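The structure appears right after this line, and notes come after that.
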């Protein structure tokens, strides 16, 4: 059974560490900084880093790749349509790869960046900066329509899927979610749960898709209360889900 844990990096990034105890091989997802990974490997010399998975090209996700590959010889997997340092395997939509004995499906999820990909293994999703706990990534390169489509694709995965995104943004995202749906009891409950976790210095991830569908406004664009708030914000009748999403994202950018 693969074990998943987090190596904190920078101020709010998580580098996900996957370990297979049967082989003592491990993999990391989006190592923006090599130092936390190298420190862990030094403390655990019996483990070998064999694979590096990359979701998109931003520096806080790829900054440690070349140093880690040089130190370990790990195979680097990343999106075909972006410049990924030291990439060995270029991945396209619907590709499959095997890492530590787990098969992953590759999903193209443009929006945050144009070539952004996500990795899905039954019950486990590594989604980079596309879907966040109670939020989603900013649109640096893609359109609202692209991001809305990407989020719909991820939202269609099984409800018990564990969501491993790469930033500790949950508390600030929930403030926005409450502004969108002030009467949503699930959001209120999650706010309190997250407050307690953070007060203890604990992480709020992974989330589950079921929880996101109840509390993440960017996955709730068909809800009447969400649409009404989006209409209020931009003074128009947002008919399509992508229009509701665009209104919400523009609001969140200045929230």
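The values are calculated or read from the model by the stated rules, or taken from the named source; none is laboratory data. Predicted, not measured: the structure shown is a model, and the values here were computed from it. In this analysis, Cβ positions are derived from the backbone assuming ideal geometry, glycine residues included, and neighbour counts consider all displayed protein chains.
Going by what's in this entry, would residue 125 be described as out of contact with any helix residue (DSSP H, G or I) (no Cβ under 6 Å at 6 or more places or on another chain), surrounded by 17 or more Cβ atoms within 10 Å (Cβ to Cβ), free of Cβ contacts under 8 Å to residues at least 40 places away in the same chain and assigned by the TED database to the domain that holds residue 65?
Details: out of contact with any helix residue (DSSP H, G or I) (no Cβ under 6 Å at 6 or more places or on another chain): yes; surrounded by 17 or more Cβ atoms within 10 Å (Cβ to Cβ): yes; free of Cβ contacts under 8 Å to residues at least 40 places away in the same chain: no; assigned by the TED database to the domain that holds residue 65: yes.
It is false that residue 125 is out of contact with any helix residue (DSSP H, G or I) (no Cβ under 6 Å at 6 or more places or on another chain), surrounded by 17 or more Cβ atoms within 10 Å (Cβ to Cβ), free of Cβ contacts under 8 Å to residues at least 40 places away in the same chain and assigned by the TED database to the domain that holds residue 65.
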Note on residue 195: of the conditions (1) within 19 Å of residue 117 (Cα to Cα); (2) assigned to a helix (DSSP H, G or I), unmet is (1)
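Does residue 110 fit the bill of being in the same structural domain as residue 79 (by the TED database) and buried (at least 19 other Cβ atoms within 10 Å of the Cβ)?
Details: in the same structural domain as residue 79 (by the TED database): yes; buried (at least 19 other Cβ atoms within 10 Å of the Cβ): yes.
Criteria met by residue 110.
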Of (1) crowded, with 19+ Cβ neighbours inside 10 Å; (2) under 17 Å from the mean Cα position of the chain (by Cα), residue 74 satisfies every one except (2)
Please go through region 194-231 and give me each residue that is under 19 Å from the mean Cα position of the chain (by Cα) and free of Cβ contacts under 8 Å to residues at least 12 places away in the same chain, ordered by number.
202
Kindly state which strands (runs of 3 or more DSSP E) lie completely within region 110-175 and contain at least 3 residues that are modelled with pLDDT under 95 and closer than 19 Å to residue 194 by Cβ.
none
Hey, residue 222 in the same structural domain as residue 178 (by the TED database), in contact with a helix residue (DSSP H, G or I) (Cβ under 7 Å, 6 or more places away or on another chain), under 25 Å from residue 9 (Cα atoms) and not in a helix (DSSP H, G or I) or not:
no
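In this structure, is residue 64 under 23 Å from residue 206 (Cα atoms), free of Cβ contacts under 8 Å to residues at least 60 places away in the same chain and in contact with a helix residue (DSSP H, G or I) (Cβ under 7 Å, 6 or more places away or on another chain)? Don't jump to the end; show me each part of the working.
Working: under 23 Å from residue 206 (Cα atoms): yes; free of Cβ contacts under 8 Å to residues at least 60 places away in the same chain: yes; in contact with a helix residue (DSSP H, G or I) (Cβ under 7 Å, 6 or more places away or on another chain): yes.
For residue 64, the condition - under 23 Å from residue 206 (Cα atoms), free of Cβ contacts under 8 Å to residues at least 60 places away in the same chain and in contact with a helix residue (DSSP H, G or I) (Cβ under 7 Å, 6 or more places away or on another chain) - is met.
Test residue 184 against the stated conditions and say whether it is free of Cβ contacts under 8 Å to residues at least 60 places away in the same chain and either crowded, with 18+ Cβ neighbours inside 10 Å or closer than 21 Å to residue 13 by Cα (or both). I'd like the intermediate steps shown before the answer.
Numbers: free of Cβ contacts under 8 Å to residues at least 60 places away in the same chain: yes; either crowded, with 18+ Cβ neighbours inside 10 Å or closer than 21 Å to residue 13 by Cα (or both): yes.
Yes, satisfied.
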